[in-house]
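What follows is calculated from the coordinates using simple rules that are stated; it is not laboratory data. Note that the structure is predicted; figures quoted are calculated from it, not measured. All Cβ positions, even for glycine, are placed from backbone atoms using ideal geometry, and neighbour counts span all protein chains on display.
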Amino acid sequence: MQRTTISPPEAAQLSPELAASRNPNVWVYRYRHATMPWTLSIATHAPPGSGKLSLGGFRIAPLERTESPGFTTDGESIALAIGMEEKVHWSRVIRVGGPLALRDLTRVVGGKCVLAPTADARVGNPRDAEMLDWAAECLNDCERHAGIHITTGQDLGHGRMHGGAMGSLEFLNARFAGSVVADTSIPTGEGNYQILKGMLRAFDLPLERATVGLIGCGNIGMHIIRQLRAHPGVTILACESREERRAELEAMGIRTWGPEQKAAFLALPMDALVVNAAGATLDAASVAVCAANARLKVICGSENLVMPDHRGVETLRAAHKVFAPTELGGMMGYLTAVEQYLAVIEGESFEVTTMLEAARRLEVAGYETTARIIAGGHAEDFETAVTALYA
């Protein structure tokens, strides 16, 4: 394998957004396969030799990302690592997590692994085992070389391996100890649901009287939908790219829209919007539609790289929309990964239900922060208000 180490100054040249981030020091370890055009970039805020826990999912980049203008695994991993560092920051501020993660939060930093595959090696295709076997070798080499602990798990691109005998996360876990197998979508979805409920409670709007729109109805979105359906009277609207999932939702009595109808969807009368698609949902045009939606009060979710232009946060605040950073809404997934990792290495039992209980803390944070914003006449955005309350 060919390894290239990219230092923080070099990473800053690749991703200028690092300069404005909370922690601009990111190292990238780029691996290229000797004969196949596979590239794996491991970005981390963990300094070499620090022994810190670098948390962030293992992403097998989907076509919509690899074919997007300017895509590189380096750039994608850095941008996602910035988001992960935000999640770590907010979990420290609000004090959210399982017992082991809360004990060790000072050791945790954000990171991300991004793999660019070939079509024949995507999970479910004939060369998936060969590619993931190589990726596991890279992860083990990176730990030894960098002197850090990589903890990674579920993200885009995973599923059943070719032949259907094993899941891709199980395959990686058997070859790399830091790859966890817990379904992090369940606690991530629960965190989304809890913060949504708390934010609407601050507007004195129970879910039984709310109309909630969702963009992206994968595993996370479907967990939120199941939780919402437990509230008689709630109205659910869904914008989803996959035709088969739209058919499933329609069979449940949920009205659906395709991605080409996103602008019309965002203009519908709704009280809350929850975003969990593949990225860039809140582009400038979408933010403008949200700002003009008179009924819309709350925007949250856990989508990575959701807002290409961060000035959209100010646009939403000025329109009196309360936008919870998706890094905050998505923290339960990474917290589940670190909890399982620490439990395994310490010989303790791990139960996902522990994380569902921990997610209730986000309902309180969502309520108290939104209530502060409302009381202050929307002079503060969510990040400012939650920091003032908890930091």
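Counting only DSSP beta bridges with both residues in the chain, tell me the antiparallel percent, nearest 5.
Roughly 40 percent of the DSSP beta bridges within the chain come out antiparallel.
Run the numbers for His378 and Phe71: contour at 0.36 nm per residue of separation, minus the present Cα-Cα distance, in nm.
106.9 nm
For Arg175 paired with Arg22, estimate the spin-label separation in nm (one decimal), with each label point 7 Å from Cα along the Cα-to-Cβ line.
Modelled inter-label distance: 3.3 nm.
Sorted from largest to smallest, which semi-axis lengths in Å does the alpha carbon gyration tensor of the range 121-182 give for its equivalent ellipsoid, taking the root of 5 times each eigenvalue?
Semi-axis lengths for the range 121-182 are 21, 12, 8 Å.
In a Gaussian network model over the chain where Cα atoms closer than 10 Å are linked, find which of Ser54, Ser302, Ser15 has the largest mean-square fluctuation.
In this elastic network of the chain, the residue with the biggest mean-square fluctuation among Ser54, Ser302, Ser15 is Ser15.
Please compute the volume of the convex hull spanned by the alpha-carbon atoms of the range 1-63 and report it per residue in Å³.
118 Å³
Sorted from largest down, give the three principal axis spans of the alpha carbons of the range 44-137, whole angstrom values.
42, 29, 26
Between Thr106 and Ile345, what is the label-point separation in nm under the 7 Å Cα-to-beta-carbon projection?
In this crude label model, Ile345 to Thr106 measures out at 1.7 nm.
What does the range 189-254 give for Rg and for Dmax, in Å, if only its C-alpha atoms count?
When restricted to Cα atoms, the range 189-254 yields Rg and Dmax of 11.7, 36 Å.
Would you please state the base-10 log of I(q)/I(0) at q = 0.06, 0.07, 0.08 1/Å for the chain, with intensities from the Debye formula using one equal scatterer on every alpha carbon?
-0.22, -0.30, -0.39
Taking Cα atoms, how many degrees apart are the long axis of helix 185-202 and the longest axis of the chain, rounded to 10 and kept between 0 and 90?
Computed tilt is about 30 degrees.
What longest range of the chain stays clear of loop-exposed GluC sites (Glu not before Pro) (DSSP non-H/G/I/E/B, at most 14 other C-beta within 10 angstrom)?
Longest site-free region, per DSSP loop and neighbour criteria: 68-345.
Run lengths n ≥ 4 of DSSP H only: what is the helix-derived mean residue ellipticity at 222 nm for the chain, with -39500 (n - 2.57) per run over all residues, to the nearest 500?
Roughly -13000 deg cm²/dmol at 222 nm, from the helical runs in the chain.
Based on alpha-carbon atoms only, what is the radius of gyration of the range 2-181 relative to the globular estimate 2.2 N^0.38 Å?
0.99
Would you mind getting me the FRET efficiency between Asp120 and Ala267? Use the beta-carbon distance for r and R0 = 41 Å, nearest 0.05.
About 0.50, to the nearest 0.05.
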